[in-house]
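The values are calculated or read from the model by the stated rules, or taken from the named source; none is laboratory data. Everything numeric in this text was worked out from a predicted model, so none of it was measured. All Cβ positions, glycine included, derive from the backbone under ideal geometry; neighbour counts span all protein chains shown.
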Amino acid sequence: MNRYRTINDCRLRGVAETAQAERLTGLTHGMDWSVFTKNGTDATTLAVPLARVKTGKTYVLMAKGAYHGPANWRLFSPS
């Protein structure tokens, strides 16, 4: 549990999380920030609206029969 607290105490960024974010943003041109999420649903819920804003597209390609999380991003059109 102590190692987890070093990484993230769920309130503030931990030292290890900040270091990893800096490494990730340094690998990709134009990537100024990163977000760590607790699960795939949260990551998808954040990524889909960002992708829609960036591309101006409303449709999302989903794999048939795959689980994409219980979030509502797939139920509503952004318009």
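Of all residues in the range 37-79, none satisfies the criterion of being under 26 Å from residue 23 (Cβ atoms), hydrophobic (A, V, I, L, M, F, W, C) and at pLDDT below 85. Residues of the range 24-46 that are outside any loop (DSSP other than H, G, I, E, B), surrounded by 10 or more Cβ atoms within 10 Å (Cβ to Cβ) and not aliphatic (A, V, I, L, M): 25, 40, 41, 42, 44, 45.
Taken residue by residue, the range 2-23 has at least one member that is modelled with pLDDT under 65, assigned to a helix (DSSP H, G or I) and among the polar types (S, T, N, Q).
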